[in-house]
Ligand SMILES: [Zn+2]
């Protein structure tokens, strides 16, 4: 895979062929029909999620207030938890162990959350998320026939196809935002692959983990890189 963000820096100085088109985020956001879709775009762009990770999130995985009860990260974050039994078939690729402790998710893979992600999340939750949903998953279907049922990664991909068609910017794949995120973090951290790796959760699949340590999720350098990418510095 040429997409690994840990490949030498020279390869990312060139424009990666799998990156989204310029301004794709803004263009797609304008063309998106629902708050849910706008949220998905912002979470992919600012969070660098794989689509399976995003569609697999449960509301309980979201720790969107500072100093959450898990004690694992002072900043706002989510826990990406591998589950084999999600009703929409979404699975996080990484299988970091996690558990529920005193009603709070602990463990999994921690991903920091930007102000824009918080904003689009609240817009979605307050205007579209149906009352009385019991499965607890974050992303749900909004059409009247299936309203409230979990939204599958395949449906999310179809949304991307139709929104990018409507926007007239060619086919934009959700995963291209993950490449963009990695590239932006690498640039913002001056090529610090360790920070980029942990920002996007690439750790488990690579042997690099055996060579380097881990970046703390509250590490100041890590925060600076993220905030540069998010435009919040
Ligand atoms: Zn937490």
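Numbers below:
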item: Residue tally, condition assigned to a loop (DSSP other than H, G, I, E, B), surrounded by fewer than 17 Cβ atoms within 10 Å (Cβ to Cβ) and at negative phi, over the range 138-180; result: 4
item: Single residue of the range 71-82 satisfying the filter (touching a helix residue (DSSP H, G or I) at 6+ places or on another chain (Cβ under 9 Å) and closer than 22 Å to residue 36 by Cβ) that is nearest to the ligand (Cβ to nearest atom); result: 79
item: Among (1) closer than 25 Å to residue 164 by Cβ; (2) within 11 Å of the ligand (Cβ to nearest atom) - the single one residue 104 does not satisfy; result: (1)
item: Scope the range 83-92; condition surrounded by fewer than 23 Cβ atoms within 10 Å (Cβ to Cβ) and in contact with a helix residue (DSSP H, G or I) (Cβ under 9 Å, 6 or more places away or on another chain); matching residues; result: 86, 88, 89, 91
item: Options 26, 33; residue that is surrounded by fewer than 17 Cβ atoms within 10 Å (Cβ to Cβ), assigned to a loop (DSSP other than H, G, I, E, B) and modelled with pLDDT of 95 or more; result: 33
item: Selected residue [within 16 Å of the ligand (Cβ to nearest atom) and either within 19 Å of the chain's Cα centre (by Cα) or within 30 Å of residue 222 (Cα to Cα) (or both)] from 161, 99, 157, 91; result: 99
item: Tally of residues being more than 17 Å from residue 92 (Cα to Cα) and surrounded by fewer than 13 Cβ atoms within 10 Å (Cβ to Cβ) across the range 127-137; result: 5
item: Tabulated pairs, the range 63-77, first farther than 15 Å from residue 199 by Cβ and touching a residue at least 12 places away in the same chain (Cβ under 8 Å), second in a loop (DSSP other than H, G, I, E, B) and near the ligand (Cβ under 10 Å from one of its atoms), C-beta under 7 angstrom, 6+ apart or interchain; result: 63/70; 63/76; 64/76; 74/67
item: Any hit, the range 48-65, residues being on the phi > 0 side of the Ramachandran plot, under 16 Å from the mean Cα position of the chain (by Cα) and away from the ligand (no atom under 15 Å from the Cβ); result: yes
item: Lone unmet requirement of (1) under 14 Å from the mean Cα position of the chain (by Cα); (2) within 14 Å of the ligand (Cβ to nearest atom); (3) modelled with pLDDT under 95 for residue 68; result: (1)
item: Test: residue in the range 112-132 that is within 16 Å of the ligand (Cβ to nearest atom), touching a strand residue (DSSP E or B) at 6+ places or on another chain (Cβ under 7 Å) and in contact (Cβ under 8 Å) with a residue 40 or more places away in the chain; result: yes
item: Test set (1) within 20 Å of residue 175 (Cα to Cα); (2) more than 16 Å from the ligand (Cβ to nearest atom) - residue 85 fails condition number; result: (1)
item: Residue within the range 87-95 that is in contact with a strand residue (DSSP E or B) (Cβ under 8 Å, 6 or more places away or on another chain), over 20 Å from residue 200 (Cα atoms) and modelled with pLDDT under 95 present; result: yes
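The values are calculated or read from the model by the stated rules, or taken from the named source; none is laboratory data. Quick caveat: nothing in here was measured; it's all calculated off a predicted structure. Cβ: placed from backbone, ideal geometry, glycine included. Neighbour counts: every protein chain shown.
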